[in-house]
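Colleague: One structure coming up, written as structure tokens, with questions to follow.
Nothing in this text is a laboratory measurement; each read-out follows from the coordinates by a stated rule. Keep in mind the model is a prediction, meaning the values are calculated, not measured. In this analysis, Cβ positions are derived from the backbone assuming ideal geometry, glycine residues included, and neighbour counts consider all displayed protein chains.
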Number of protein chains: 2
Amino acid sequence: MKKLPKAAGKMRGLETFDDAANTLRQLFVQLSNDIAESKAPMVSIPVRTASNTVFDPEREILTLGQRTSERRFNEMSGVRSFMQTALLARAIYEALKHDDHPTIRDLYYYTLHTIEGTDIETFNSQDESNNIFQDIEVLTGLLREQMGIVAESRGAMVGEAVLESKGNRIDCSKFGIGAFNIPSLCDQIRILEIDAEYVLVVEKDAIFQRLNDYEFWRKNKCILITGKGQADRATRRMVRRLNEDWGLPVYVLTDADPYGWYIYSTYRAGSISLSYESYRLACPSAKFLGLSMTDLEKYEIPKDHLIKANDCDVKRAKELLLKDPASGKPRYPWFYDSKRWRQEIKIFLDKRVKAEIESKSSKGFRFLSDVYLPEKIKSKDWIK
Amino acid sequence: MKKLPKAAGKMRGLETFDDAANTLRQLFVQLSNDIAESKAPMVSIPVRTASNTVFDPEREILTLGQRTSERRFNEMSGVRSFMQTALLARAIYEALKHDDHPTIRDLYYYTLHTIEGTDIETFNSQDESNNIFQDIEVLTGLLREQMGIVAESRGAMVGEAVLESKGNRIDCSKFGIGAFNIPSLCDQIRILEIDAEYVLVVEKDAIFQRLNDYEFWRKNKCILITGKGQADRATRRMVRRLNEDWGLPVYVLTDADPYGWYIYSTYRAGSISLSYESYRLACPSAKFLGLSMTDLEKYEIPKDHLIKANDCDVKRAKELLLKDPASGKPRYPWFYDSKRWRQEIKIFLDKRVKAEIESKSSKGFRFLSDVYLPEKIKSKDWIK
């Protein structure tokens, strides 16, 4: 058993919610000091627009730029959102103090009411409250999970990994055909032991189950993870932790189509709309294992097994090579600046066909697990 | 520990795939006998249309009627689908014989090819192959899971349940904030021990995680299950097994809206499009726990916490009371024939509002787990 993580010093143990509560408390103290000193209370919030989203070439992730906007209590234009920010932050603090882990919807209903003596609602919609919630994330530098806020989870994992949660030892090699359902508050799970050489992330749950059934992870000494389509935050976080804290390389297996590339892209660099999360969720060294467009020829996928690309696929593929009109910089530099990726996208745009992972079954039901995957990994035939 | 299931004699252990292989073998033998006796080979397949879907009032589930259609090898109109049926059945048989558990997509690619000496494809699309696959299910009386065919899975469970898979003992009370991901081939999991008084099925995964975090299942002696929205087959099957084999009552918790009712309806009676599965997947005694429309008044949900119903909601609600034009029978008799359900639907259509489970948080983050749910179950305030 490989019991020691790569960087024990850096390894995240169980994060304490006390840290998050203290950060919020400091915010409240700052605001009340402002009031005590007769200054207008103000919060300065990093702007979360696409135009303030930048690619950090050093860390290879999307992140927020420098622009901030100020929200003041004593200005008509800022007072409503200031009130909402303070109200929601207080609710999060109360939840933390009572060891409650609500969802952002719970927070919305918890704080929603008509302001006394008026007919004004604290929030007009969940969208409004979600927006303020994200402001609090960037304002405090605390992601929702660090504040104990639960979201829907979707991912599953198996392999030689021993986890711990609430004093329970969870051995992910002992689930048979089942799997461990990765919870939203993924960082509350401690990773005790890992005995694996890499992480294989599989787009499709059914493929994940089939590989688990063959005990692919045991034969190939890997951790098998699926996000069941576009990955939820907890799955991305688990992948990142296995990479960062345990030094495991990460390979992503998706269908050969722009949607699959987009799924890979999110694991790797994060999403434009939520770029401020990338620093904890993205995994810049993740490699795209396949199916690649070049695989289609190399493995002689029969023509009738290919699927005609639709307009949406073509549009998506072209987007990956776009430049931002304002800055002139590529929108997805990890695609744009990569020769291999440009080649992949070109083949796709020339041939306008895509293929599913399952097309590998034309060569037999075990071709994927016994030939394709081991061959690709052994020959390092991936795209970075 | 309540170690003995309700009906040990009836309890399903691990189903053997040999039974499925033998059933398919008998089909092949019958067809080759026909040929040996110079009879035109023929298969007789129950019709899977809505008009041949009937409600079985005794078992309280949707099921297929008596109509069948014949598919003959020596008739122009039947030869293509006859060929497809035989081809796909053979592929399933081969997979069973080699202990492979493909998906229906794998089967499609495995069997897809140009017929030698022609330019005819065995299948023109996955839809065509999926359709034939369902024909094989009703023809043989074997559901896909009984033939070892894997589908996407989504559900998760926790509680005092000990399962077994591939020799591993899986204790569902020892996952901390995580959960057991219910695999597609749910019947391959043995249920060894149960120590619980009921099953609580939760529509939303985030609510499931929150209840798990509070260890609701331990305090209330229940098994907690989520299908993460509209349930997948494996989750429904697990609920059914806990109900049928272990005698646990089943309560379903959803949002107060027609979509939530539909989710309950699928757990309870199955779906019209796949009525032939109900006999193994539906759970006719499942009760709707809430949120009910009457709850909205009883628990004084503030008006601003209600959501205006949209046209789609209203259409769905009206559909639940429709009669089939041909037979004159109600389409969803479990709604139509229930006074309580008719009242619920009437309140909804009068007020045109809906509510989310999370609206309970207006009374505090633990109101749902500490007050609402225990109160509803204790006072038997559910809808059947």
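Colleague: What do you get when you divide the Cα radius of gyration of the protein assembly as shown by 2.2 N^0.38 Å, with N the number of residues?
Modeller: Dividing the Cα radius of gyration by 2.2 N^0.38 Å gives 1.00.
Colleague: Here is a follow-up. If you stretched the chain out fully between A:VAL79 and A:SER38, how much longer would it get, using 0.36 nm times the residue separation minus the C-alpha to C-alpha distance?
Modeller: 13.1 nm
Colleague: In nm to one decimal, list the spacings between the B:LYS378 label point and its equivalents in the other copies, with label points set 7 Å along Cα to Cβ, shortest first.
Modeller: When each copy's label point is compared with this one, the spacings are 6.4 nm.
Colleague: Each label point is 7 Å from the Cα along the Cα-to-Cβ direction; what then is the distance between the points at A:ARG25 and B:ASP171, in nm?
Modeller: 3.7
Colleague: Here is a follow-up. Which residue, chosen from B:GLY247, B:LEU296, B:SER327, occupies the Cα position most advanced towards the positive end of the dipole of segment B:197-378, where the dipole is computed from +1 (Lys, Arg) and -1 (Asp, Glu) charges on Cβ about the Cα centre?
Modeller: Of the candidates, B:SER327 comes out farthest on the positive side.
Colleague: Still on this structure, I have one more. Determine the percent antiparallel among the DSSP beta bridges restricted to the protein assembly as shown, to the nearest 5.
Modeller: 70
Colleague: In addition: Checking a compactness column here: for chain B, what do you get for Rg(Cα) / (2.2 N^0.38 Å), N being the number of residues?
Modeller: Compared with the compact-globule rule of thumb, chain B sits at 1.09.
Colleague: Select from A:GLU164, A:GLU300, A:GLU356 the residue whose mean-square fluctuation is largest in a Gaussian network model of chain A (Cα-Cα springs shorter than 10 Å).
Modeller: Taking springs between Cα atoms under 10 Å, the residue moving most is A:GLU300.
Colleague: If you don't mind, another one. Please give the per residue volume of the convex hull enclosing the alpha carbon atoms of segment B:197-378, rounded to a whole number of Å³.
Modeller: Looking at segment B:197-378, the number lands at 119 Å³ per residue.
Colleague: Please compute the average number of Cβ atoms from other chains found within 10 Å of each residue's Cβ in peptide A:166-172.
Modeller: Whole-number average of other-chain Cβ neighbours for A:166-172 is 4.
Colleague: How far, in whole Å, is the closest Cβ of chain B from the axis that maps B onto A, and which residue does it belong to?
Modeller: B:ASN181, 2
Colleague: Within 10 Å of each residue's Cβ, count the other Cβ atoms and sort A:ARG342, A:ARG233, B:ARG316 from fewest upward.
Modeller: A:ARG342, B:ARG316, A:ARG233
Colleague: Next up: For B:LYS287, which sequence-distant residues (separation of 5 or more, or a different chain) have an amide H within less than 5 Å of its own amide H, given hydrogens modelled in the peptide plane?
Modeller: For B:LYS287, whose amide H was placed from the backbone, the distant partners under 5 Å are B:VAL250, B:TYR251, B:VAL252.
Colleague: Same structure, new question: Return the loop-located trypsin sites (Lys or Arg not before Pro) in segment A:17-122 (DSSP other than H, G, I, E, B) with at most 16 other Cβ atoms within 10 Å of their own Cβ; answer none if there are none.
Modeller: Qualifying residues, ordered by number: A:LYS39, A:ARG59, A:ARG67.
Colleague: Now for a different question. Treating only the Cβ of Lys, Arg, Asp and Glu as charged (+1, +1, -1, -1), what charge dipole size does chain A show about its Cα centre? Round to the nearest 20 debye.
Modeller: Rounded to the nearest 20 debye, it is 1520 debye.
Colleague: Using the Cα centre as the reference, give the magnitude of the dipole from point charges on the C-beta atoms of the protein assembly as shown (Lys, Arg: +1; Asp, Glu: -1; all else neutral), rounded to the nearest 20 debye.
Modeller: Using only the charged Cβ atoms, the result is roughly 300 debye.
Colleague: 7 Å along Cα→Cβ for the label point: how many nanometres lie between A:ASN33 and each equivalent label in the other copies, listed shortest first?
Modeller: Those label-point separations list as 9.0 nm.
Colleague: Hey, can you grab everything whose amide H is under 5 Å from the amide H of A:ILE223? Only 5+ residues off in sequence or another chain; H modelled, so Pro and N-termini drop out.
Modeller: A:GLU197, A:TYR198, A:VAL199, A:LEU200
Colleague: Measuring from a point 7 Å out along Cα→Cβ, what nm distances, shortest first, does A:THR49 have to its partners in the other copies?
Modeller: Computed spacing set for this position: 5.7 nm.
Colleague: Just report the Cα centroid separation between segment B:322-344 and segment A:221-263, whole Å.
Modeller: Each part's Cα centre sits 46 Å from the other's.
Colleague: A follow-up question, please. With the radius of gyration and the Kirkwood radius both derived from the Cα set of segment B:112-223, what is their ratio Rg to Rh?
Modeller: 1.18
Colleague: Apply the Karplus parameterisation 6.51 cos²θ - 1.76 cosθ + 1.60, with θ equal to phi minus 60°, to every residue of segment A:63-73 and state each ³J(HN,Hα) to the nearest whole Hz, in sequence, with x for glycine and proline.
Modeller: Running phi through 6.51 cos²θ - 1.76 cosθ + 1.60 with θ = phi - 60° gives 8, 7, x, 8, 5, 10, 10, 9, 10, 10, 5 Hz.
Colleague: Using the structure shown, select from B:LYS318/B:LYS360; A:LYS287/A:LYS318; A:LYS287/A:LYS363; B:LYS298/B:LYS376; B:LYS228/B:LYS380; A:LYS219/A:LYS376 the pairs with a Cα to Cα distance greater than 23 angstrom.
Modeller: B:LYS318/B:LYS360; A:LYS287/A:LYS363; B:LYS228/B:LYS380
Colleague: Still on this structure, please answer the following. Under 5 Å between amide H atoms, partner at least 5 residues away or on a different chain: which partners does A:THR53 have, H built in plane at 1.01 Å?
Modeller: Result for A:THR53 returns A:GLY65.
Colleague: Still on this model: Report, in deg cm²/dmol and to the nearest 500, the calculated mean residue ellipticity at 222 nm for chain B, where each DSSP H run with n ≥ 4 adds -39500 (n - 2.57) and the sum is divided by the residue count.
Modeller: -11000 deg cm²/dmol
Colleague: Once segment A:219-319 is represented by equal point scatterers at the alpha-carbon sites, with solvent omitted, what log10 I(q)/I(0) does the Debye formula produce at q = 0.13, 0.14 Å⁻¹?
Modeller: -0.53, -0.60
Colleague: May I pose another question? How high is the relative contact order of segment B:248-315, in percent, with contacts defined as C-alpha pairs under 8 Å that are six or more residues apart?
Modeller: 39
Colleague: Let me ask something else. Nearest 0.05, what FRET efficiency do A:LYS308 and B:ASN131 give at R0 = 35 Å with Cβ-Cβ as r?
Modeller: 0.95
Colleague: Report, as an integer, the average count of C-beta atoms from other chains found within 10 Å of each Cβ along B:362-372.
Modeller: The shielding value for this peptide is 3.
Colleague: Then there is this: State, as an integer percentage, the relative contact order of chain A based on alpha-carbon contacts under 8 Å between residues 6 or more apart.
Modeller: With pairs under 8 Å counted, the relative contact order is 15 percent.
Colleague: If segment A:17-147 were replaced by its equivalent ellipsoid, with semi-axes equal to the square roots of 5 times the Cα gyration tensor eigenvalues, what would those be, largest first, whole Å?
Modeller: In descending order, the three semi-axes are 24, 19, 17 Å.
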